[in-house]
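I have placed the structure first, in the form of C-alpha cells, so that the comments after it can refer back to it.
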Amino acid sequence: MDIATYLKEHNIKPSYSRIRILDYMMTHKNHPTVDMIYGNLVKEMPTLSKTTVYNTMELFLNSGVVKLISIDEKEKRYDADISTHGHFRCDNCGRIVDLYFDGPLPMPKAHEDLEIREIQYYAKGLCKHCK
Ligand SMILES: [Zn+2]
Ligand SMILES: [Zn+2]
C-alpha cells in the first residue's frame, strides 16, 4: 500500500511533508527523534520547519500511525512500526534496534484485575558496532 493511502486510512490528509516524513521513517527504521527527521529531510525540502515535523509527529501519534518509544529518557523517539515488538538501546551510540518475539509477549501477573492495553519491552546494552 502506498503511504498516501495509508495516511488516508488513518483519517490524515496526505500532504507532501507528511508523506515524506512517514516515508523516511518506514525506510530508515531508525526510531528517529524530531531533530533526526528534520535534519535529514531539510536537505531536500528547504521549506520544511522543525515545527512542521513536531506537529506531524503529534498528529501521527494521536492517529496511531506511529508509537512513542520512551526508552531514551532525554529525547522522544518515534516508531512507524506499530506491530508488537520490543526495543534494545545501545548505551554507547544510542542506536535503537527492534526486538521481535516468537509468540505473544508474556503477560505479567498483577495483584488486581487490570486491563493492560500496552506493554513496552526494553533492553539495554552494547550493539554489534560498540561491543
Ligand atoms: Zn552502539
Ligand atoms: Zn521498533
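The values are calculated or read from the model by the stated rules, or taken from the named source; none is laboratory data. Since the model is a prediction, treat every value here as computed from it, not as a measurement. Every residue, glycine among them, receives a Cβ derived from its backbone with ideal geometry; neighbour counts consider all protein chains shown.
Gly94 - would you say it is within 16 Å of ligand 1 (Cβ to nearest atom), small (Gly, Ala, Ser) and surrounded by 13 or more Cβ atoms within 10 Å (Cβ to Cβ)? When the stated conditions are applied, Gly94 passes them.
Over 20 Å from the mean Cα position of the chain (by Cα), of a type in the set (A, V, I, L, M, F, W, C) and away from ligand 1 (no atom under 16 Å from the Cβ), is that true of Met45? Taking the combined requirement at face value, the residue satisfies it. For the range 106-127, a residue qualifies if it is closer than 29 Å to Val34 by Cα, assigned to a loop (DSSP other than H, G, I, E, B) and away from ligand 1 (no atom under 15 Å from the Cβ), and the qualifying residues are Ile116, Arg117, Glu118, Ile119, Gln120, Tyr121. Looking across the range 15-48, the residues that are crowded, with 16+ Cβ neighbours inside 10 Å and among the basic types (Lys, Arg) come down to Arg18, Arg20. Does Met107 satisfy the condition of being hydrophobic (A, V, I, L, M, F, W, C) and in the same structural domain as Tyr24 (by TED's automatic domain parsing)? No; evaluated as a whole, the condition is false for this residue. Residues being at pLDDT 95 or above, under 21 Å from Gln120 (Cα atoms), of a type in the set (Gly, Ala, Ser) and part of a loop (DSSP other than H, G, I, E, B) are entirely absent from the range 70-77. The set of residues in the range 106-122 being within 17 Å of Lys67 (Cα to Cα) and of a type outside the set (S, T, N, Q) consists of Ile116, Arg117, Glu118, Ile119, Tyr121, Tyr122. In the set Ile37, Ile19, only one residue is more than 13 Å from the chain's Cα centre (by Cα), among the β-branched types (Val, Ile, Thr) and within 28 Å of Ile3 (Cα to Cα); that residue is Ile19.
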